[in-house]
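Remarks on the structure that follows.
The values are calculated or read from the model by the stated rules, or taken from the named source; none is laboratory data. The structure displayed is predicted, hence computed values, not measured ones. Neighbour counts are summed over all protein chains in view; Cβ atoms, including those assigned to glycine, are modelled from backbone coordinates with ideal geometry. With ligands, DNA and RNA removed, areas are computed over all heavy atoms of the protein, side chains included. Shrake-Rupley method; radii C 1.70, N 1.55, O 1.52, S 1.80 Å.
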Amino acid sequence: MENHTKKSDNIYEQLQGIYQRDPEKFERLSGELIRQALEEVPEEHRARAYGMQRKIEYQLKKYKDPIARMNAMVEIFWQQFDEFQAVINDPREVLENRRRCGTSAKILPFKGSNPGH
């Protein structure tokens, strides 16, 4: 836990004030820090972590104002926290809701996708 705290402090020191001085450098540095963090995710969860990061980036893409972007990040955090709490409190209900609300999809075959046909 202490190692994560030191790492967070180091990241904070790196990013502190960079956005105001050099927004492009901030974007490069923060992108690199995110990539490093995602690479530390266990292999079996890494693809999902990258997918979640792409989803977050897509949601934040529309916000150009830093304050609006920060507010959107906070909102995303609390939505995810609420979902986490629901899973912790009643995982069966969450799974049942996902099954009930899931949409079914018809798989369409493409020509040439089935060898031998």
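Tell me whether segment 97-115 contains one or more residues that are at pLDDT 85 or above and either open to solvent by less than 80 Å² (accessible area, probe 1.4 Å) or touching a Pro at 6+ places or on another chain (Cβ under 9 Å) (or both).
Taking every residue of segment 97-115 in turn, at least one turns out to be at pLDDT 85 or above and either open to solvent by less than 80 Å² (accessible area, probe 1.4 Å) or touching a Pro at 6+ places or on another chain (Cβ under 9 Å) (or both).
Any residue in segment 24-37 that is open to solvent by 70 Å² or more (accessible area, probe 1.4 Å), over 19 Å from the mean Cα position of the chain (by Cα) and modelled with pLDDT under 90?
Yes, segment 24-37 has at least one match.
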